[in-house]
Structures are given as C-alpha cells and as structure tokens.
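First up is the structure itself, then whatever we jot down about it.
The values are calculated or read from the model by the stated rules, or taken from the named source; none is laboratory data. Being a predicted model, the structure only gives us computed values, none of them experimental. Neighbour counts run over all protein chains shown; Cβ positions are idealised from the backbone, glycine included. In case anyone asks, the SASA skips ligands and DNA or RNA and just uses the protein heavy atoms, side chains included. Shrake-Rupley method; radii C 1.70, N 1.55, O 1.52, S 1.80 Å.
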Amino acid sequence: MNQTRNKKIGIFDSGLGGLYVARAVHKAMPEYDYVYMGDTMNVPYGGRSSEVIYQFSENAIRHLFEAHACDLVVIACNTASVTALAKLQREFLPQNYPDKRILGVIVPTLESATELGATQIGLIATEYTISSKIYDEEIAKITPSARIFGQPTPLLVPLIENQGEKYMDIVLNDYLEPIIEKGLDSLILGCTHYIAIKDQVRDMTHHRVRVLSQDEIIPPKLRDYLHRHPEMEERLSKNGTFSVFATDVSPSFLKNVQKLMGEGYIAQQVDY
Ligand code: DGL
C-alpha cells in the first residue's frame with residue numbers, strides 16, 4: 001500500500017526520564033519526526049493508583065494521536081507501560097484508533113536481557129512497577145528458567161529530580177546490596193529516570209553484573225519493529241524533527257531539557 005508519509009513517532013513519559021530514551025531513539029534513527037510528551041504536571045506516577053495512571057496515559061496518547069499526527073506511540077515510562085499498556089492495546093486502540101499502534105518498554109527490555117543470556121535478573125524500579133509483578137509474568141513467558149529479583153527504589157526519582165547526586169551512593173548501596181548478594185548476572189534499570197545514573201550503578205556494581213539501560217535497548221528494538229512493520233514505517237515522515245512538549249514547562253524541566261538536548265532548546269506547554 002502506498003500511503004503518504006505524514007505521520008510522526010510519539011514518545012510519552014510521566015516526566016523528564018523518557019527524554020533519555022527519546023534522545024537515544026532520535027540519535028539512532030535521525031531521519032524520522034518525533035514528538036516527546038512529558039506529563040510533568042502529574043509526575044511522579046510511581047505512587048498513584050492504577051486508574052489514575054491509566055487515565056493520565058490515555059489522555060497523553062490521545063493528544064499525541066489527535067494534535068500531533070502520531071500513528072505510533074512508545075510509552076517510555078515503565079510505570080505507565082505496566083499499568084496502562086495492556087488495556088490501551090486491547091480496548092482503547094481497537095475501539096478508537098484501530099490503525100494506530102502503542103508500544104511499551106517491558107517486553108523489549110526482557111527480550112534484550114534474554115538475548116544477552118541473562119537468567120538471574122535484578123530489577124530496580126518504582127514501587128508500582130515492582131509490586132505489579134509484570135516483569136516476573138513477562139519473563140516467565142519468554143524464558144521460564146529466568147528469575148527476577150525486584151527491589152523498589154522510591155528515593156531515586158526525587159534524588160535525580162532535585163540534584164541529590166551527593167546522596168546517591170549511600171542510597172544506591174543500600175538498595176543494591178541485598179539483591180546483588182543473590183548472585184545476579186544482570187540488573188535492569190526499570191525506570192526511565194535511572195538512565196541518568198547508569199554509570200554510577202555500573203561503577204557501584206564494579207561491572208560484575210550487566211546493567212541494562214533502556215536508552216541502549218529501545219532504539220534497536222524500535223528499529224527492528226519498523227523493519228517488521230512496513231505498513232507502519234511507510235506512513236512515517238522523514239524531516240528529522242524532534243519536538244518536546246510537557247503539561248508543565250517548569251524552569252527546572254526546561255533546564256533539564258536544555259542540559260539533555262542542547263542550550264536554547266525549547267519545550268512547549270500543552271493543555272489537554
Ligand atoms: N518515568 C517513570 C518510570 O519509568 C518513573 C517516574 C514516575 O514515578 O513517574 O517508571
């Protein structure tokens with residue numbers, strides 16, 4: 001089918017963290033057009049109820065579909081992937097947008113871990129992601145012999161968002177020690193924010209465990225998805241643009257965007 005290339009790739013996160021994933025995707029495939037959406041007004045999602053996380057996610061995705069001509073949206077946020085993805089794919093899309101697609105980060109991350117031979121897998125993430133047990137359920141389908149050792153790490157997002165680097169080592173050490181002792185071969189950073197501290201985690205684990213970071217995992221997985229889905233790839237425009245939107249463009253969000261994307265970079269406020 002020969003469709004006009006006029007659709008964009010949306011990347012959604014609860015706040016800033018997903019921008020690390022979006023930046024890496026953009027770097028790997030600079031030809032496409034990207035729209036990043038951070039729900040900064042409602043971040044953090046990690047301690048909220050599933051109904052609220054679902055509604056925030058649906059609202060953001062509807063906006064990306066309707067206002068930004070996205071036909072493909074990647075939910076970079078682990079907490080939103082865990083909570084909302086299944087319902088969005090099974091109910092929201094078929095009822096409202098049968099030709100559009102929404103992808104999450106959990107299954108691609110576990111596929112990558114498996115491809116690297118991981119079987120004893122540590123997972124650090126928000127309380128919500130750990131208690132959902134979705135990583136455990138999904139790994140059982142992919143590699144039944146593998147085990148997930150989950151550790152909720154609720155202090156990390158506030159430390160990362162509030163320049164708390166100097167306290168990071170002590171907090172990380174406290175969180176990581178009990179799971180490292182279990183003889184892990186890999187450790188998943190199961191929250192977009194943690195990409196910011198991946199080097200610190202690698203140093204702290206003395207490179208004895210493989211630290212799996214989603215900014216390294218998602219770009220090749222998305223490229224692979226587009227290869228396997230030419231009916232989607234053929235719709236995507238190729239002007240190489242990258243726009244950042246947020247529900248609250250606070251001074252600290254803008255500062256962080258410019259730190260990541262370059263000085264003078266603009267983030268636009270949306271209201272939906
Ligand atoms: N971005 C979220 C995730 O990947 C973490 C931050 C939040 O709690 O909203 O899980």
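Numbers for the structure displayed
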item: Any hit, region 67-88, residues being free of Cβ contacts under 8 Å to residues at least 24 places away in the same chain, over 19 Å from Lys221 (Cβ atoms) and surrounded by fewer than 18 Cβ atoms within 10 Å (Cβ to Cβ); result: no
item: Residues satisfying the stated conditions in region 230-257, i.e. under 21 Å from Val105 (Cβ atoms) and free of Cβ contacts under 8 Å to residues at least 60 places away in the same chain; result: Glu233
item: Within region 258-272, considering residues that are assigned to a helix (DSSP H, G or I) and without any contact (Cβ under 8 Å) to a residue 12 or more places away in the chain, the one nearest to Asn6 (Cα to Cα); result: Gln258
item: Index of the failed condition, Ile188 passing every other in (1) among the hydrophobic types (A, V, I, L, M, F, W, C); (2) over 24 Å from Ser252 (Cβ atoms); (3) open to solvent by 60 Å² or more (accessible area, probe 1.4 Å); result: (3)
item: Residue check, Lys133 of a type in the set (Lys, Arg), modelled with pLDDT of 95 or more and open to solvent by less than 40 Å² (accessible area, probe 1.4 Å); result: no
item: Failed criterion for Pro144 (all others in (1) in contact with a strand residue (DSSP E or B) (Cβ under 7 Å, 6 or more places away or on another chain); (2) surrounded by fewer than 23 Cβ atoms within 10 Å (Cβ to Cβ); (3) not charged (D, E, K, R); (4) not in a strand (DSSP E or B) hold); result: (1)
item: Residue under evaluation Ile102, criteria (1) touching a Leu at 6+ places or on another chain (Cβ under 9 Å); (2) open to solvent by 70 Å² or more (accessible area, probe 1.4 Å); (3) within 16 Å of the ligand (Cβ to nearest atom), criterion not met; result: (2)
item: Verdict on Leu64 being buried (at least 24 other Cβ atoms within 10 Å of the Cβ) and away from the ligand (no atom under 16 Å from the Cβ); result: yes
item: Helices (runs of 4 or more DSSP H) fully within region 168-257 counting 3 or more residues that are farther than 21 Å from Ala24 by Cβ and away from the ligand (no atom under 16 Å from the Cβ); result: 168-180
item: Val43 among the aliphatic types (A, V, I, L, M) and in a loop (DSSP other than H, G, I, E, B); result: yes
item: Selection from region 26-55 of residues that are open to solvent by 30 Å² or more (accessible area, probe 1.4 Å), under 15 Å from the mean Cα position of the chain (by Cα) and either away from the ligand (no atom under 11 Å from the Cβ) or over 17 Å from Thr126 (Cα atoms) (or both); result: His26
item: Any hit, region 155-166, residues being crowded, with 19+ Cβ neighbours inside 10 Å and among the β-branched types (Val, Ile, Thr); result: yes
item: Meets criteria (open to solvent by 10 Å² or more (accessible area, probe 1.4 Å) and among the polar types (S, T, N, Q)) for Ser213; result: no
item: Among residues of region 235-272, those that are among the basic types (Lys, Arg) and over 15 Å from Tyr34 (Cβ atoms), counted; result: 2
